[in-house]
1. Would you kindly calculate the translational diffusion coefficient of the stretch 69-197, applying Stokes-Einstein with the Kirkwood radius from alpha carbon pairs, for 20 °C and a viscosity of 1.002 mPa s, and quote it in µm² s⁻¹ without decimals?
2. Can you give the FRET efficiency for GLN273 and LEU147, using 1/(1 + (r/R0)^6), R0 = 25 Å, r = Cβ-Cβ distance, to the nearest 0.05?
3. Please calculate the 1.4 Å probe accessible area of VAL2, with all protein chains present, and give it to the nearest 10 Å².
4. Whole number please: convex hull volume per residue of the Cα set in the stretch 134-181, in Å³?
5. What does the C-alpha gyration tensor say about the overall shape of the stretch 1-57? Classify as rounded when a/c is under 1.5, otherwise prolate if a/b is larger than b/c, or oblate.
6. How many angstrom separate the Cα center of the stretch 107-130 from the Cα center of the stretch 132-193?
7. Is the stretch 258-297 best put as rounded, prolate or oblate by its Cα gyration tensor, with a ≥ b ≥ c the root eigenvalues, rounded for a/c under 1.5, and otherwise prolate when a/b is larger than b/c, oblate when not?
8. Show me the ranking of peptides 12-18, 197-203, 42-48 by mean Cβ neighbours inside 10 Å, starting with the highest.
Amino acid sequence: MVVAPGAGNWGAIWPDLDSALVNIRNFVRDGQQHQALGVLNTTWNDDGESLVDMTWPGLVFGAAAGWQSGESSIDDFKASYDWAFYRNIEDDRTFAGVIENLDRPNSLLASLKLDNASDELFWFDPFSESGAHTAAQALPATHDLRLSAERAAETLQRSRSKAHLHADTLDAMLFAAWRLDTLGMKIQFTSEIGRFYWTLTRIKTTRRASSATSTKLWTSTAGWRPSATPSARPARCTWSAGRARISPTGSTTLLVRYDNLRSELQAKIVAVQAAQRQYWTTKILPPPGQLGFFLEP
């Protein structure tokens, strides 16, 4: 008998380590109790988006748990990870802190009864009727989600020199941080634009009020340029993290998805701004649902 826990990376922007480490600890502990021959720790990279370098915390913990007798301590593992894997100075938990920030979005979204920070959630269309409900469900988590992702990215960029071993794995972590930030930003900005658009359709008061709301809508869409925001970073930087591990065909297919995402968001901006120009002239707006704003705030 061999026990086979998993690194928790299937379909996820970043592995769900809160679940994965417990899964690994318990499988290996119980395997030892039942005289298992060994442990086969698994990763799942079938979709081409889950990079192996994101799974090292789970893989290293699996190795530690397999070599130690009895139940391994997750807290002790986290406390020693910087030194053990990166040869960062002892008692410095820089990279453990990055991992905690990357893992936090999974628990934030799970608390809202969403699965986790999944690839499916990253690619969902917030301008579809079902996507609008998903965005509304996820919106309360996006502020803290983006803070965690941006703290992780900032720390990685500032502290790269602390990794005296396995520094090449940091690109995958930075990639995950940018994808998480992009996910939160997409939900926030689509919600903001939809809120201003719905407000503008309801305004029947003064010209000043409608002008102020119209200006907010224009400012939101003008400031949300996918090519100039973090949403472009994963497309530009994905393969610094994964080019050595993903086939050219697979990388091309995924880059097309990023290109399509930017195009879709840009098309929505153009459509909203065209509707706004129509409003300035006629004081009539297309129905919100026509532009993909299905939920009235």
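The values are calculated or read from the model by the stated rules, or taken from the named source; none is laboratory data. Because the structure is a prediction, the values reported are computed rather than measured. Glycine gets a Cβ as well: all are built from the backbone with ideal geometry, and neighbour counts include every protein chain shown. Heavy atoms of the whole protein, side chains included, go into the accessibility calculation; ligands, DNA and RNA do not. Shrake-Rupley method; radii C 1.70, N 1.55, O 1.52, S 1.80 Å.
1. Details: Rh = 16.0 Å.
Result for D is 134 µm²/s.
2. Values: r = 30 Å, r/R0 = 1.19.
Approximately 0.25, to the nearest 0.05.
3. 80 Å²
4. Values: hull volume 3.0 nm³, N = 48.
Enclosed volume per residue, from the Cα hull, is 62 Å³.
5. Numbers: a/c = 3.27, a/b = 2.07, b/c = 1.58.
Taking the square roots of the gyration eigenvalues as a ≥ b ≥ c, the stretch 1-57 is prolate.
6. Between the Cα centres of the stretch 107-130 and the stretch 132-193 lies a distance of 14 Å.
7. Numbers: a/c = 3.79, a/b = 1.55, b/c = 2.44.
Oblate is the answer for the stretch 258-297, as a/c is 1.5 or above yet b/c matches or exceeds a/b.
8. On the way: 12-18: 26.1, 197-203: 17.6, 42-48: 15.4.
Order by mean packing, descending: 12-18, 197-203, 42-48.
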